[in-house]
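Q: I'd like to ask some things about the structure below.
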Amino acid sequence: MMMAHRIAVPPVDNKPSGKALPFIPAPASDHPENAVDASTCTVYPGLCTEAGEHDDHSNHSNRVLADDGSLILDIGFVSLSGDEPHEIVYLRNEDFEPSQVRAKTAELRRLLDLADAMADELMAARQPQA
Ligand SMILES: [Zn+2]
């Protein structure tokens, strides 16, 4: 037995116009979860930041900056088409095959946890003794 789902069907103009009706999608503002920018990449939607028609894909917009604006860490990806298609994820100046990334990010997580632990110990040591 099929489950009965209530589906909102927009009102239909039944007056014959003699013209084919265009498909008019609901405005993205009605369904932000489905919003698709006109420039959204069709190969890596939500990941690639290239706009318009493109064959090579990338995202270079993820970075952590110091207070003075200098770069601490940036990550991104490049996917090149052409004679030798190639995909890499980079962490700062190092390129990785996608299958290699998790091993290196695990290492970074351990390092960042260590930074947290060091900061915690330093702050605890600075507390006035009771
Ligand atoms: Zn793309």
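Read-outs throughout are calculated quantities, based only on the coordinates presented, and are distinct from any laboratory measurement. In this text the structure is predicted, and so the values were computed from the model without any measurement. Heads up, the Cβs are rebuilt from the backbone with ideal geometry, glycines too, and the neighbour counts pull from every protein chain shown.
Q: Please note which strands (runs of 3 or more DSSP E) are completely contained in segment 39-130 and include at least 1 residues that are away from the ligand (no atom under 14 Å from the Cβ), on the phi < 0 side of the Ramachandran plot and of a type in the set (Val, Ile, Thr).
A: Per the criteria, 57-65, 71-80, 86-91.
Q: Among the candidates 71, 114, 108, single out the residue that is out of contact with any helix residue (DSSP H, G or I) (no Cβ under 6 Å at 6 or more places or on another chain), aliphatic (A, V, I, L, M) and surrounded by 12 or more Cβ atoms within 10 Å (Cβ to Cβ).
A: 108
Q: Just the residues that are over 18 Å from the mean Cα position of the chain (by Cα) and of a type in the set (A, V, I, L, M), please, taken from segment 36-79.
A: 65, 66, 71, 72
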